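Bear in mind these aren't lab numbers, they're just calculated from the coordinates by the rules spelled out. These numbers were taken from a predicted model, which means no experiment stands behind them. All Cβ positions, even for glycine, are placed from backbone atoms using ideal geometry, and neighbour counts span all protein chains on display.
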Amino acid sequence: MKLSKIALKIDCRMIGDPDVEIFRVAGIDEAGFGDLTFVSNRKYISHIKTTKASAIILGEDMPSVDVPNLRTSDPYMAFARALELFFEPHQLESGIHSTAVIADGVELGATVRIGAYSVIGKGCKIGKSTALYPHVVLYPGVIVGNDAVLHSNVIVREDCRIGNRVVLQNGVIIGGDGFGFAPTKDGGFYKICQTGRVLIEDDVEIGANTTVDRAAVGDTVIRHGAKLDNLVQVGHGAQVGEDCVLAAQVGLAGSTRLGRNVWVGGQAGFAGHLEVGDKAIITAQSGTSHDVPTGAVMSGSPAIENAAWLRSSAAFSKLPDLIRKVRTLEKQIEQLKAMIAK
């Protein structure tokens, strides 16, 4: 595809030879002849001099380069759109596979695709153009919206709701029992029946092997547009707000509530019954044990305001020297006291 055509399709300003032929999109260090690459972070500017790519997507604020380039205010988004021009994702074959097991009375929308060995329980409803890849299991009473994609080995438990255009990656489990046990007098535990549901709103994507648990009462909710990475755990009764982003291995204990547009870094954890305000940022590996105000940036464990955490982290490495200095000063004070006493 000619570079000029790509520029039109991804809304970029063309600089250089418009007739350069592009055959694929690649990272800046791996790119070669016929490749289109991109730079969105200024720390990678030096890589432009050594790249073998035939063209580069750059921000409007980047310096001029000799290589043909496409200019935009959002090079990362332009790169994402360019990828779609050269990559066609695998599509499940149309129709219903002969090995699928579908209970009587299930409602299937038009052009639904159901893969081999999938199981759909009584009372389920599946919207139009939704795809269930092989080995998907829907327990009774599940409702799935239109244009959803459930990849292989997804399990959705009874009575849960999946919205329109939702993507569940491989191994996602929706509606497994929450971790609810009442201690008994003899030191054991009595299992609390988990009667709630999980509600997944429209345009949510959930990464591989993530689990979203049902609660004893009430609903666990993932709001519109939220994106959850692989291996995330959402506890019973929790709520993830609209357009939240949770990186891999994040854990939300029961009844944690995230506001809108909250960003959570990898391996961050939340104690139960917390409120996190809109547009808060929780950095990677933070441990949040208290409510977080709107727009706050939190780091560390227990999580504190990010600027304070940065100062604390810088000071922490100096503690051994500081302790030695304090001990030296203490000895000197004792020596002075002894001299004065004489």
Proxy exposure order for 44, 139 (fewest C-beta within 10 Å first) is 44, 139
So, with points 7 Å from each Cα along the Cβ direction, the residue 181-residue 104 label distance in nm works out to 4.0
Distance in Å, no decimals, from the C-alpha centre of segment 199-246 to the one of segment 6-69 is 37
Proxy exposure order for 195, 37, 51, 211 (fewest C-beta within 10 Å first) is 195, 211, 51, 37
Taking every other residue with Cβ under 12 Å from the Cβ of residue 13 and scoring Lys and Arg +1, Asp and Glu -1, one gets -1
Here FRET efficiency (C-beta to C-beta, residue 301 to residue 73, R₀ 41 Å, nearest 0.05) is 0.65
Measuring from its Cα centre, segment 3-86 shows a charge dipole (+1 at each Lys and Arg Cβ, -1 at each Asp and Glu Cβ) which, in debye to the nearest 20, is 120
So the FRET efficiency between residue 65 and residue 289, C-beta based with R0 = 30 Å and rounded to 0.05, is 0.05
To the nearest 20 debye, the chain has a Cα-centred charge dipole, built from +1 on Lys and Arg Cβ and -1 on Asp and Glu Cβ, of 1260
With Cα springs under 10 Å, the Gaussian network model of the chain assigns the largest mean-square fluctuation among 252, 319, 150 to 319
The whole-number value in µm²/s of the Stokes-Einstein translational diffusion coefficient for the chain, with Rh from the Kirkwood sum over alpha carbon pairs at 25 °C and 0.890 mPa s, is 103
Taking a ≥ b ≥ c as the square roots of the eigenvalues of the Cα gyration tensor, with a/c under 1.5 meaning rounded and otherwise prolate when a/b exceeds b/c and oblate if not, segment 62-214 is oblate
Over all directions, segment 3-86 yields a Cα convex hull whose mean projected area in nm² is 4.5
By the mean-Cβ-within-10 Å protection proxy, highest first, 179-191, 224-236, 94-106, 75-87 rank as 224-236, 75-87, 94-106, 179-191
Net charge (Lys, Arg +1; Asp, Glu -1) of residues whose beta-carbon lies under 10 Å from that of residue 167, residue 167 excluded, is -1
